[in-house]
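Accompanying notes for the structure given below.
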Amino acid sequence: MNEHIVIVTGATPLAPRIVAMIPSSAIVLGVDSGLDAALEAGLRPSGLIGDLDSVSQDGLAWAEAHATVARHPTDKTQTDTELALAFAADMQPERLTMIGGGDRLDHTIAAIGALAARHLTNVPLLDGWWNGHHVDVIHGPGRRELHLEPGSTLSLLTIGPKCDGVGISGVRWPLEKQRLEPVVGLGVSNEVTDPGGVVAITVSSGVLTVFNVPRPDPSANTPTDSLVEEH
């Protein structure tokens, strides 16, 4: 079992503050042109996954010399990001982080939606950074304790079918055993009110995304945003 796998997808440059949170022991996988973004940020991916229609020639040459390359056909029924997430899930990580971005709304929705795939249910900690914004993903039944910036905004949104048994504490508007239908406003724009930034979230069924601002941990190079999850 691997402790932490990070997949980098899309050619958007990685913010230094996010790169600094990646443990040196993490396994990094580049998704097509995400390999170029990872290399530019000073990372050394151990794998390249995708149909390789957007990775640069220099990036591909680097990967062929230094990494494992998993090339997929251009005509396929899954996105490169979905393929990479499935590949990573098979490695049974303790934590799986997706980092990406871009200006295409359809790619954004598809990438974040890919974190709801059933084969990711058994990943204990699942999160991502998209265009610099952080998201935790909780597959129900699950419980997650987040350490967030006090006073910051967070939003709960359902991916796919409805979420039942949603609860949240440590915020201005707590919820208890609430049903959240897909992409509705009930969980949007809440506020962290706990003085220590501790927010506890539960969900009995469905897949819940939590858009939030993690509290930096000066004693570690990983954000303290995901500490407990039970299935």
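Read-outs throughout are calculated quantities, based only on the coordinates presented, and are distinct from any laboratory measurement. Source: prediction; values computed, not measured. Because the Cβ atoms are built from the backbone with ideal geometry, glycine has one as well, and the counts that use them run over all protein chains shown.
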**Q.** 17 Å cut-off, amide nitrogen to a point 7 angstrom out along Arg104 Cα→Cβ, residues in the range 39-60
**A.** 49-56
Q. Excluding the sites themselves, what is the longest stretch of the chain that contains no GluC sites (Glu not before Pro) in a DSSP loop with at most 15 other C-beta atoms within 10 Å?
A. 95-229
**Q.** Neighbour net charge for Val8 - beta-carbon separation under 12 angstrom, K R +1, D E -1
**A.** -3
Q) With the dipole of the range 1-131 worked out from charges on the C-beta (+1 for Lys and Arg, -1 for Asp and Glu) around the Cα centre, which of Ala114, Trp62, Ala26 lies farthest toward the positive end? A) Ala26
Q: Would you mind computing the Rg to Rh ratio of the chain from its alpha-carbon coordinates, Kirkwood style for Rh?
A: 0.97
Q.
Nothing charged except the Cβ atoms of Lys and Arg (+1) and of Asp and Glu (-1): what's the magnitude of the dipole of the chain about its Cα centre? Round to the nearest 20 debye.
A. 460
Q: Quick one: go through the range 98-112 and flag any residue whose amide nitrogen is under 15 Å from the point 7 Å out along the Cα-to-Cβ line of Met91.
A: 98-99
Q) When DSSP assigns beta bridges and you keep just the ones with both residues in the chain, what percent turn out antiparallel, to the nearest 5? A) 60
Q.
Using only Cα atoms and rounding to the nearest 10 degrees, what angle (0 to 90) does helix 57-66 make with the longest principal axis of the chain?
A. 90
Q) Between the range 129-149 and the range 173-206, what's the alpha-carbon centroid distance in Å? A) 11
